[in-house]
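The values are calculated or read from the model by the stated rules, or taken from the named source; none is laboratory data. Nothing here was measured: the structure is a model prediction, and the numbers come from that model. Cβ placement follows ideal geometry from the backbone for every residue including glycine, while neighbour counts extend to all protein chains displayed. Just the protein is used for accessible areas: all its heavy atoms, side chains included, with ligands, DNA and RNA removed. Shrake-Rupley method; radii C 1.70, N 1.55, O 1.52, S 1.80 Å.
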Amino acid sequence: MVSLNVLTDGVFTSISKNGKYISTNMFDPDSYTSLGTYRWDGSGKWLRVTPIGSCGSDTTYNYGVSNSGAVYGLAYTTNDCRNFQSFRWTPQTGTLLLPAATVKEDGSPGNGRPNQISADGSTIVGWEEDSFGSRIGVVWRNGQPSVLRNERGETVGEAFTTSANGQVIGGGLFDGQDPFGNGWRRKIDSDQLEYFAPLSEDASPINPYAMSRDGKVMAGFSGNAFFSLNPAPFLWTKQLGAVDLNAFLKDQGTSEEQWFSLWTPMAMSDDGTVIGGWGLGTQFFAGWVLEIKSAFVCHADSTTGGMPQTISVPFPIEFDRHLGEGDTVGRCPEASRK
């Protein structure tokens, strides 16, 4: 651990995929107020994102930084707390507002903000408010915004995550929207949503918060943290589907003595083998990093007369291939190994 010697407001801190830039919101302990968004470039120097408007002492909030050092987030555009938009900032351009996909009744841009950006900043996902104040999913592709809709033309819930290459995005549905409790993913150049089910009807809705570079691995949270009986973090691949991440790790033989639940995955490496997030454990809230270089499957080996054998295969590509060929997740049952 190396301290950056600055105080933050504890909301969000972002790091670029190439590890060169960090953006966060700083905090003034004397006035107990936010100082807005700042960016660090590895030289020890913090640059402030120029405010446009304010809501009391709040001006800008960071939600991501690209590999080029561009910061993305929410900026208040007036001084009355009622108007805010997504922004892009660099030292050269200053703070530029992104165009909105929606408009208010008075014709002004709709309120909204990003949730996540691709490594190069070409794809930005987030939300804007509709006329009822609900957060509808929005994507910006090369700076151009569009509202996300399902096959019936209905708006859907927030877009939470994008693959690092910006080619796949994912998000959630509104309460009561069909298919009930499902999450969705979509290729950036397609209008077709691909749905995936929650861990159970009780553990709905399911929302993806992290993707691999190609979008073939996802992680997030399934359930309502306050009202579901069995909410849990999830892991997803095409052949695996969404599974309880806590249960998956226990079935693999991973030691989790200090954790009650890994709770919320928030970030993922390009190849999908490293996941980071925060959870609940013996020391209450804590951050975690999980590495899945390989995983066990129960494999029916034709060379042994079809007798199932437990084998370890590279995750996620070989793991998914084995599942697609009929292998099952985890170690073989004791009876099949005798």
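Annotations
- Only residues that are open to solvent by 40 Å² or more (accessible area, probe 1.4 Å), under 17 Å from Ile117 (Cα atoms) and in a strand (DSSP E or B) were counted across the stretch 267-291, and they come to 1.
- Qualifying positions in the stretch 76-129 - charged (D, E, K, R) and exposed (fewer than 14 other Cβ atoms within 10 Å of the Cβ): Asp80, Arg82, Glu105, Asp106
- Restricting attention to the stretch 135-185, the residues that are over 22 Å from Ser222 (Cα atoms), in contact with a strand residue (DSSP E or B) (Cβ under 9 Å, 6 or more places away or on another chain) and assigned to a strand (DSSP E or B) add up to 6.
- Residue-level check: of (1) open to solvent by less than 50 Å² (accessible area, probe 1.4 Å); (2) within 25 Å of the chain's Cα centre (by Cα); (3) over 22 Å from Glu194 (Cα atoms), Leu245 misses just (3).
- Residues of the stretch 104-129 satisfying the condition of being more than 22 Å from Asp191 (Cα to Cα) and either touching a strand residue (DSSP E or B) at 6+ places or on another chain (Cβ under 6 Å) or without any contact (Cβ under 8 Å) to a residue 40 or more places away in the chain (or both): Lys104, Glu105, Asp106, Gly107, Ser108, Pro109, Gly110, Asn111
- In the stretch 159-168 there is at least one residue that is open to solvent by 10 Å² or more (accessible area, probe 1.4 Å), touching a Phe, Trp or Tyr at 6+ places or on another chain (Cβ under 8 Å) and not charged (D, E, K, R).
- Ser86 modelled with pLDDT of 95 or more and part of a strand (DSSP E or B): yes
- Residue count for the stretch 271-309, restricted to those that are at pLDDT below 95 and either small (Gly, Ala, Ser) or under 14 Å from the mean Cα position of the chain (by Cα) (or both): 7
- When the test is whether a residue is free of Cβ contacts under 8 Å to residues at least 24 places away in the same chain and of a type in the set (Phe, Trp, Tyr), Phe132 passes it.
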